[in-house]
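Here the structure comes first, spelled out in structure tokens, and everything after it is commentary.
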Amino acid sequence: AIILGIESSCDETSASICKDGEILSNIIANQTVHQKYGGVVPELASRAHQQNIIPVVQEAFAAAKISKKDVSAVAFTRGPGLLGSLLVGTSFSKAFALANGIPLVEVNHMQAHILAHFIKQPKPTFPFLCLTVSGGHTQIVLVKDYFDMEIVGQTTDDAAGEAFDKTAKILNLPYPGGPLIDKYAREGNPLAYSFPEPQIPGLDFSFSGLKTAILYFIRDNKKLDENFVESNLADICASVQHRIVTILLAKVKRASKQYNIKDIAIAGGVSANSGLRNTLHQAAEQYGWNVFIPDFEYCTDNAAMIAIAGYYKYLAKDFAGQDIAPLARMSF
Ligand code: ATP
Ligand code: MG
Ligand code: FE
């Protein structure tokens, strides 16, 4: 089966071709218009999706050397995400399915982040635990089967990606700041400054206290030295990243014990973070975990994860009707 996958939930317009579970192309158009606003502007995002979607799909077909008439089904992100952005991908996919007389498959974006692990070997075996850390979500998910997943822990306020991006904003770094903090952190000392670890019960997370602590820390130090941030950027980034990673890891450790599962995966944009990836490799040695870390290309938003999720739904003949509507909020 050949699946066309479409992703448009936030500010990446992406199309991918998947043939029998193998990704043949994964084209991603990043929207740069948001940079000067320091965050994604929903109205500009949907307009950019409209401009990008046809060329991105054409490029995905060309790169895969596949013809439109050979597609078995079209899979698209139904939610969660920005409604105006989701509408572009949903409408395109409905029209494509109708015009070509093929089935339509709806995909949950957060499930797709997890199912990105089934693009390449080694693939995890069920059940496994997945720490999904992205721009809008922070979840520990008990993954029992492809579409049988249970959220066993999640953030009570900000997402881990937001903690990175908001810290970057405080440090005057451009949006999205996560990758930049990662870059500067490599040159810094993670123990230079100590930020508080929130005391949240169970498997849930909280990151808003950390953001406030960083804000006050920077404000107070700038009073003493106006060049504090510039002179200590690497140490600040390394210390913030270290704290975010230790918060995440503590809960994963707890979940692993609670469910007696040692197969641990990470997913979502923040799983591209080198500090998190290194820490997870160390934890694998220390606790005897089997860790699964996606290729960089499949961490942040991409349509390959939508196509692979769509492929498994296609095999299960789980199709959507033409009356389907996108959902800004969507659970699983
Ligand atoms: P969601 O998936 O929750 O709807 P999203 O799709 O916007 O949100 P993703 O594209 O999965 O999120 O991830 C984007 C987030 O990942 C941003 O917050 C970005 O800063 C963060 N991120 C990307 N690379 C890194 C990195 N190397 N280190 C830290 N954070 C990173
Ligand atoms: Mg994005
Ligand atoms: Fe995402």
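Structural remarks
- M330 sits among other residues whose Cβ lies under 13 Å from its own Cβ, and their net charge, with Lys and Arg +1 and Asp and Glu -1, is +1.
- Bridge orientation summary for segment 65-141: considering DSSP beta bridges with both residues in this region, about 45 percent are antiparallel.
- Percent antiparallel among DSSP beta bridges (both partners in segment 26-171, rounded to 5): 70
- Hypothetical label at A99: residues of segment 41-71 whose amide nitrogen lies under 20 Å (7 Å Cα-Cβ projection): 47-71
- Shape class for segment 11-162: oblate, because the ratio a/c of the largest to smallest gyration tensor axis (alpha-carbon atoms, square roots of eigenvalues) is 1.5 or more and b/c is at least a/b.
- Within the shell defined by Cβ-Cβ distances under 14 Å, the residues around L249 carry a net charge of +4, with Lys and Arg each +1 and Asp and Glu each -1.
- Qualifying trypsin sites (Lys or Arg not before Pro) in segment 94-146, where qualification requires a DSSP coil assignment and no more than 16 other C-beta atoms within 10 Å, comprise K120.
- At full extension, R219 and Y287 could sit 20.6 nm farther apart than now, given 0.36 nm per residue minus the alpha carbon distance.
- Between Q35 and E150, the modelled labels are 4.5 nm apart [label points 7 Å from Cα along Cα→Cβ].
- Antiparallel beta bridges, as assigned by DSSP with both residues in the chain, represent about 60 percent of the total such bridges.
- Label-point separation, D20 to K120 (7 Å along Cα→Cβ), nm: 2.1
- Taking 0.36 nm per residue of sequence separation and removing the Cα-Cα distance, the K317/N172 pair yields an extension gain of 47.3 nm.
- Theoretical gain in end-to-end length, T246 to K183 [0.36 nm per residue, Cα-Cα removed]: 20.9 nm
- A Förster distance of 25 Å, applied to the separation of the beta-carbon atoms of N278 and A192, puts the FRET efficiency at 0.90.
- Oblate is the label for segment 96-175, because a/c, from the alpha-carbon gyration tensor with a ≥ b ≥ c as root eigenvalues, is 1.5 or above and a/b does not exceed b/c.
- Lysine pair count for segment 1-145 [Cα-Cα under 27 Å; pairs on different chains or 8 or more apart]: 16
Throughout, read-outs are computed from the coordinates displayed, never taken from laboratory work. Please read all numbers here as calculations on a predicted model, not as lab measurements. Methodologically, a virtual Cβ is constructed for each residue, glycine included, from the backbone with ideal geometry; neighbour enumeration extends over all protein chains shown.
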